[in-house]
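In what follows, a single structure is set out as structure tokens and then discussed.
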Amino acid sequence: YIWADGVYFRPRMAEEKQCVLVLIGADEWGRKEIIGLADGYRESTQSWRELLLDLQRRGLTHAPDLAIGDGALGFWHALREVFGATKEQRCWFHKTGNVLNAMPKSVQAKAKGHLHDIWQAETRVDAEAAFDFFVTTYGVKYDKAVAKLTKDRDVLLAFYDFPAEHWKHIRTTNPIESTFATVRHRTGKTKGCLSRKTGLAMAFKLMMSAQTKWRKLDGANRMPEIIEGIEFKDGIKQLQSAA
């Protein structure tokens, strides 16, 4: 698995706020670690391509089985060029925020509950039914909000083809979001101006420090099965029948 996000922060620089492209990966033992960090532009396919090609140069020859990220990233275009076999999972945290922001506040709480019904469903069939219910319920009055959801329907439900133990890890980019909350807090307290290079170095050091406290994925024993190409349906391992 890899998680990708373009994270903005402002470490008291004379320049505009800095965007850091971040990649976190989970290896065959379920251990999470920073595998890519670069100064770039969040929407730039070229910036993400350079970072992914650098992963290849450093020895990542096996394409990630699943990539998790925000739907607005130029990352997806670069991923298809560099690791075309990798499946895509859109972040439910970002998607929920984007959909609700296109709706009036008076209905947001109720709509949020209906969105939760989709990604918390036990099976893909149940998720599809909850998805259809949301579209039918809100499609007439809030077509723009529903369009934001439906355009990524398949890649929002990709997690059902992976072990259920991993679902809470792969439905969102939370590993990056939670880590960078600490980075923003620390860099916001720095005194004096920092260059972009120094700001990136500070972010790297802070993330490396945070990495030492990261927990392994739940169900880490499932990772070798994913690498072997064993099929999962609704989070359950599918046993192949004897020939």
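The values are calculated or read from the model by the stated rules, or taken from the named source; none is laboratory data. This is a predicted model, so every value here is computed, not measured. FYI the Cβ positions are ideal-geometry reconstructions off the backbone, even for glycines, and counts take in every protein chain you see. Accessible surface is based on the protein model in full, side chains and every heavy atom, while ligands, DNA and RNA are left aside. Shrake-Rupley method; radii C 1.70, N 1.55, O 1.52, S 1.80 Å.
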**OP:** Considering (1) open to solvent by 30 Å² or more (accessible area, probe 1.4 Å); (2) in a loop (DSSP other than H, G, I, E, B), say which one residue 137 fails and leave the rest.
**Re:** (2)
**OP:** Collect the residues in segment 187-226 that are part of a helix (DSSP H, G or I), among the aliphatic types (A, V, I, L, M) and at pLDDT below 90, keeping them in residue-number order.
**Re:** 200, 201, 202, 203, 206, 207, 208, 210
Original post:
Under 7 Å by Cβ, and 6 or more places apart or on different chains, what pairs join a residue from segment 102-120 that is under 14 Å from residue 145 (Cβ atoms) with one that is exposed (fewer than 15 other Cβ atoms within 10 Å of the Cβ) and of a type outside the set (Ser, Thr, Tyr)?
Top reply: 102/144; 114/133
Subject >> Residue identified as part of a helix (DSSP H, G or I) and open to solvent by less than 50 Å² (accessible area, probe 1.4 Å) among 95, 112, 144, 168 >> reply: 95
Original post:
Among the residues of segment 121-134, is there at least one that is among the hydrophobic types (A, V, I, L, M, F, W, C), over 24 Å from residue 169 (Cβ atoms) and not in a helix (DSSP H, G or I)?
Top reply: no
**OP:** Being touching a helix residue (DSSP H, G or I) at 6+ places or on another chain (Cβ under 7 Å) and not in a strand (DSSP E or B) is the filter; apply it to segment 24-44 and report the residue that is nearest to residue 71 (Cα to Cα).
**Re:** 41
Original post:
Which condition does residue 135 not pass, out of (1) in contact with a Ser or Thr (Cβ under 8 Å, 6 or more places away or on another chain); (2) under 22 Å from residue 80 (Cβ atoms), if it passes all the others?
Top reply: (2)
Original post:
Considering segment 38-83 alone, what residues qualify as being under 16 Å from the mean Cα position of the chain (by Cα), of a type in the set (Gly, Ala, Ser) and open to solvent by less than 10 Å² (accessible area, probe 1.4 Å)?
Top reply: 67, 69, 74, 78
Original post:
Which of the residues spanning segment 98-108 are assigned to a helix (DSSP H, G or I), open to solvent by 40 Å² or more (accessible area, probe 1.4 Å) and more than 23 Å from residue 175 (Cβ to Cβ)?
Top reply: 101, 105, 106, 108
